[in-house]
Amino acid sequence: MKEEIIISGFGGQGVLSMGKILAYAGLMENKEVTWMPAYGPEQRGGTANVTVIVSDAPISSPILSRYDTAILLNQPSLDKFEPKVKPGGTIIFDGFGISEPPTRTDVSCWRIDAMDAAAELKMMKCFNMFVLGALLRIHPIVSVDNVMQALRKTLPERHHDLLPLNEKAILKGMELVRQL
Amino acid sequence: MAETSEVQLLKGNEAIARAAIRCGCDGYFGYPITPQSEVLETLALLKPWETTGMVVLQAESEVAAINMLYGGGGSGKRVMTSSSSPGVALMQEGISYMAGAEIPGLIVNVQRGGPGLGTIQPSQSDYNQATRGGGNGDYNVIVLAPASVQEMADFVDLAFELAFRYRNPAMILSDGVIGQMMERVVLPPAKPRRTEEQIAAECPWAANGHGLRSRRPNVITSLELESSVMEQKNLHLQAKYREIREREVRYQTVDLDDADYAIVAFGSAARISQKAMEMARADGLKVGLFRPITLWPFPERELAELATKVKGLLVVEINAGQMVYDVRLAVNGRVPVAHFGRLGGIVPDPDEIVEALNAKLVNA
């Protein structure tokens with residue numbers, strides 16, 4: 001098993017931390033993982049992406065030209081990475097602010113309106129966990145249990161009261177995602 | 001110690017800091033700069049001064065930090081600093097003084113794109129500076145190039161061992177990819193800081209005020225105004241560098257046995273090149289990888305031998321072509337040696353490397 005993933009969006013959307021939780025959960029399943037961020041100097045509002053690889057075998061490059069799965073959370077990310085998904089691969093995108101949805105027919109395209117759902121449920125801080133739920137529904141790379149363990153390990157203890165909310169967001173994301 | 005040696009998910013920069021505490025480092029002096037700030041941040045978070053007694057100090061500048069290394073190393077302590085390219089440029093005078101005065105110490109460079117303040121994105125454009133000795137005078141620094149987070153952790157202790165064995169500054173030449181990426185890592189076993197008695201026994205040259213009743217005061221300086229003495233001192237340094245070149249070359253090879261072509265790359269470029277190698281092999285092109293681990297001393301003999309077995313070498317670096325000259329010297333015209341690199345903080349992807357291999361060697 002080897003899954004090569006790009007997660008891309010605006011800074012502040014939780015792109016890097018979502019990747020980190022995924023990588024951490026992979027580590028707990030005794031897999032090889034790499035997490036390679038790319039972002040500008042700004043904390044919010046700039047572009048941010050992270051390449052996450054989860055594999056049974058040692059990983060050569062943490063930087064890739066093509067991906068099995070692309071999780072694209074704004075239009076610039078969609079424009080940039082849609083052509084870089086391998087044929088037969090998967091695109092998951094958030095519908096918020098998307099004027100030109102993906103058009104490729106040789107990959108499976110999934111839409112989740114996580115931004116809208118998170119706003120409606122007043123769970124904006126869990127936006128990335130909705131999206132992670134969508135990914136795990138389509139590709140159960142790691143178990144939800146291990147994601148929760150990873151959250152417990154990576155969230156500072158003062159935020160552990162938010163764990164149930166995060167789990168709820170993951171499960172909701174699994175429900176919300178739709179194939180195009 | 002609170003730190004355990006279980007499998008962890010860490011950034012390269014975090015691994016450096018945690019490994020330093022575990023390998024008995026006595027002091028860290030540094031000034032924040034992207035993309036290596038997590039080294040100082042992690043040390044501040046872990047507060048080793050409360051556990052091992054390791055000193056952690058945010059210096060007022062990189063110039064101050066490297067001179068704190070001169071003082072700490074001169075008293076026989078395991079001391080280190082870390083910075084990124086513009087900061088390491090500022091340290092070159094101090095590194096030259098350390099080499100001249102034969103003071104051990106560890107300098108970590110998590111490179112970013114230059115020249116000048118450049119960019120915060122990854123680069124390998126300080127290769128020449130690191131391997132030629134970036135300051136004045138005839139000297140060399142031992143340079144280790146990690147290609148994984150695990151090696152970031154492992155090379156801290158190795159660098160200290162080499163620095164003290166040869167009384168010479170050692171450098172870990174990393175970059176923004178290896179510093180910022182997270183991978184699984186097992187930290188090295190914890191060992192205590194050396195006691196004053198151990199330092200006195202292992203570093204009889206140290207100017208630390210110990211044992212003065214039984215020995216003459218030690219004087220540590222790079223200054224010598226009598227040229228005949230200074231020449232002897234230089235000859236001594238050159239003999240030492242020859243010994244290091246004889247004994248400390250390190251490298252890794254991947255799939256070279258049946259290779260028609262080889263990629264030569266270090267650090268993050270070697271990781272990306274390995275993927276390119278896998279892709280090229282899937283297309284039926286027999287490619288192998290040669291990765292220098294020590295950039296100085298450079299594996300020249302091994303590369304000369306490799307040149308008798310392959311049709312050509314592609315040197316992949318995240319710079320405009322620096323190590324390629326060392327490879328060409330080693331290969332001495334026996335086979336074509338081409339270069340591929342990206343500049344200014346752009347990291348090459350595996351596709352581009354396969355294209356370069358085909359365009360510059362296979363179909364050239």
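The values are calculated or read from the model by the stated rules, or taken from the named source; none is laboratory data. Predicted model only: the values in this text are computed from it and were never measured. Using ideal geometry, Cβ is built from the backbone for each residue, glycine included, and neighbour counts are taken over all protein chains shown.
Can you pull out the residues in the stretch A:65-108 that are of a type in the set (Lys, Arg) and within 14 Å of chain B (Cβ to nearest Cβ)? Working first, answer last.
Pass one, the stretch A:65-108, residues of a type in the set (Lys, Arg): A:66, A:80, A:84, A:86, A:104.
Within the stretch A:65-108, A:ARG66, A:LYS80, A:LYS84, A:LYS86 qualify.
On the basis of being more than 14 Å from chain A (Cβ to nearest Cβ), outside any helix (DSSP H, G or I) and closer than 26 Å to B:GLY94 by Cα, does B:ILE220 make the cut?
On the way: more than 14 Å from chain A (Cβ to nearest Cβ): yes; outside any helix (DSSP H, G or I): yes; closer than 26 Å to B:GLY94 by Cα: yes.
For B:ILE220, the condition - more than 14 Å from chain A (Cβ to nearest Cβ), outside any helix (DSSP H, G or I) and closer than 26 Å to B:GLY94 by Cα - is met.
Hey, among the residues in the stretch B:181-213 that are of a type in the set (D, E, K, R) and more than 30 Å from A:ILE53 (Cα to Cα), which one's modelled with the lowest pLDDT?
Of the residues in the stretch B:181-213, the ones of a type in the set (D, E, K, R) are B:183-184, B:191, B:193-194, B:196-197, B:202, B:213.
Subset that is more than 30 Å from A:ILE53 (Cα to Cα): B:191, B:193-194, B:196-197, B:202, B:213.
Values: B:LYS191: 95, B:ARG193: 98, B:ARG194: 97, B:GLU196: 92, B:GLU197: 91, B:GLU202: 94, B:ARG213: 77.
Among them, the one singled out is B:ARG213.
Using the structure shown, decide if A:SER55 is of a type in the set (Gly, Ala, Ser) and surrounded by 19 or more Cβ atoms within 10 Å (Cβ to Cβ).
Numbers: of a type in the set (Gly, Ala, Ser): yes; surrounded by 19 or more Cβ atoms within 10 Å (Cβ to Cβ): no.
Spelling it out, it is not the case that A:SER55 is of a type in the set (Gly, Ala, Ser) and surrounded by 19 or more Cβ atoms within 10 Å (Cβ to Cβ).
Every residue, every condition in (1) of a type in the set (A, V, I, L, M); (2) in contact (Cβ under 8 Å) with a residue 24 or more places away in the chain, yes or no:
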position	(1), (2)
A:ARG104	no, no
A:TRP110	no, yes
A:ALA134	yes, yes
A:LEU163	yes, no
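In the stretch B:194-217, which residues are part of a helix (DSSP H, G or I) and either exposed (fewer than 11 other Cβ atoms within 10 Å of the Cβ) or out of contact with any helix residue (DSSP H, G or I) (no Cβ under 8 Å at 6 or more places or on another chain) (or both)? First the steps, then the outcome.
First pass over the stretch B:194-217, keeping only residues part of a helix (DSSP H, G or I): B:196-202.
Passing the criteria: B:GLU196, B:GLU197, B:GLN198, B:ILE199, B:ALA200, B:ALA201.
Is it the case, given these coordinates, that A:VAL142 is among the hydrophobic types (A, V, I, L, M, F, W, C), closer than 19 Å to A:GLY19 by Cα and surrounded by 16 or more Cβ atoms within 10 Å (Cβ to Cβ)?
Values: among the hydrophobic types (A, V, I, L, M, F, W, C): yes; closer than 19 Å to A:GLY19 by Cα: yes; surrounded by 16 or more Cβ atoms within 10 Å (Cβ to Cβ): yes.
Here the answer is yes, as A:VAL142 does meet what is asked.
Quick one: would you say B:TYR261 is surrounded by 16 or more Cβ atoms within 10 Å (Cβ to Cβ), touching a strand residue (DSSP E or B) at 6+ places or on another chain (Cβ under 8 Å), touching a residue at least 60 places away in the same chain (Cβ under 8 Å) and away from every other protein chain (no Cβ under 12 Å)? Steps first, answer last, please.
Numbers: surrounded by 16 or more Cβ atoms within 10 Å (Cβ to Cβ): yes; touching a strand residue (DSSP E or B) at 6+ places or on another chain (Cβ under 8 Å): yes; touching a residue at least 60 places away in the same chain (Cβ under 8 Å): yes; away from every other protein chain (no Cβ under 12 Å): yes.
Yes.
For the stretch A:1-15, name all the residues that are within 13 Å of the chain's Cα centre (by Cα) and farther than 20 Å from A:GLY97 by Cβ.
Selection gives A:GLU3, A:GLU4, A:ILE5.
Which condition does A:THR34 not pass, out of (1) surrounded by fewer than 24 Cβ atoms within 10 Å (Cβ to Cβ); (2) at pLDDT 95 or above; (3) among the β-branched types (Val, Ile, Thr), if it passes all the others?
Looking at each condition in turn, A:THR34 falls short on (1).
Can you go through B:VAL249, B:VAL229 and tell me which one is modelled with pLDDT of 95 or more, over 30 Å from A:ALA150 (Cβ atoms) and surrounded by 11 or more Cβ atoms within 10 Å (Cβ to Cβ)?
Values: B:VAL229 fails: surrounded by 11 or more Cβ atoms within 10 Å (Cβ to Cβ).
Matching residue, one of B:VAL249, B:VAL229: B:VAL249.
May I ask you to verify whether B:LEU256 is part of a loop (DSSP other than H, G, I, E, B) and outside the structural domain of B:GLY113 (by TED's automatic domain parsing)? Give the steps one after another, and end with the answer.
Numbers: part of a loop (DSSP other than H, G, I, E, B): yes; outside the structural domain of B:GLY113 (by TED's automatic domain parsing): yes.
Spelling it out, B:LEU256 is indeed part of a loop (DSSP other than H, G, I, E, B) and outside the structural domain of B:GLY113 (by TED's automatic domain parsing).
For the stretch A:40-76, what are the residues that are touching a helix residue (DSSP H, G or I) at 6+ places or on another chain (Cβ under 9 Å) and within 12 Å of A:GLY11 (Cβ to Cβ)?
As a first pass, look at the stretch A:40-76 and keep what is touching a helix residue (DSSP H, G or I) at 6+ places or on another chain (Cβ under 9 Å): A:47-55, A:59-67, A:69-73.
Within the stretch A:40-76, A:THR47, A:ALA48, A:ASN49, A:VAL50, A:LEU73 qualify.
Name every residue in the stretch A:1-59 that is closer than 20 Å to A:ASP79 by Cα, within 12 Å of chain B (Cβ to nearest Cβ) and among the hydrophobic types (A, V, I, L, M, F, W, C), in order of residue number.
Scanning the stretch A:1-59 gives A:ILE6, A:LEU16, A:ALA38, A:VAL50, A:VAL52.
Take residues that are touching a Phe, Trp or Tyr at 6+ places or on another chain (Cβ under 8 Å) and surrounded by fewer than 22 Cβ atoms within 10 Å (Cβ to Cβ) and tell me which of the helices (runs of 4 or more DSSP H) falling wholly in the stretch B:1-90 contain 3 or more.
On the way: elements: B:12-22, B:38-46, B:62-74, B:85-90.
The qualifying helices (runs of 4 or more DSSP H) are B:62-74.
Could you pull out the residue among B:ILE293, B:ILE353 that is touching a Phe, Trp or Tyr at 6+ places or on another chain (Cβ under 9 Å) and away from chain A (no Cβ under 14 Å)?
On the way: B:ILE353 fails: away from chain A (no Cβ under 14 Å).
Of B:ILE293, B:ILE353, the one residue that is touching a Phe, Trp or Tyr at 6+ places or on another chain (Cβ under 9 Å) and away from chain A (no Cβ under 14 Å) is B:ILE293.
Given the conditions (1) more than 21 Å from the chain's Cα centre (by Cα); (2) within 27 Å of B:ALA190 (Cβ to Cβ); (3) among the charged types (D, E, K, R), and given that B:LYS77 satisfies all but one, which numbered condition is not satisfied?
Exception for B:LYS77: condition (1).
Quick check: is even one residue across the stretch B:280-292 free of Cβ contacts under 8 Å to residues at least 12 places away in the same chain and more than 28 Å from A:MET36 (Cβ to Cβ)?
So far as the stretch B:280-292 goes, yes, one or more of its residues are free of Cβ contacts under 8 Å to residues at least 12 places away in the same chain and more than 28 Å from A:MET36 (Cβ to Cβ).
Which one of B:ILE120, B:ILE103 is among the hydrophobic types (A, V, I, L, M, F, W, C), more than 26 Å from B:MET181 (Cβ to Cβ) and in a loop (DSSP other than H, G, I, E, B)? Reasoning before the result, please.
On the way: B:ILE120 fails: more than 26 Å from B:MET181 (Cβ to Cβ).
Checking each option against the conditions leaves just B:ILE103.
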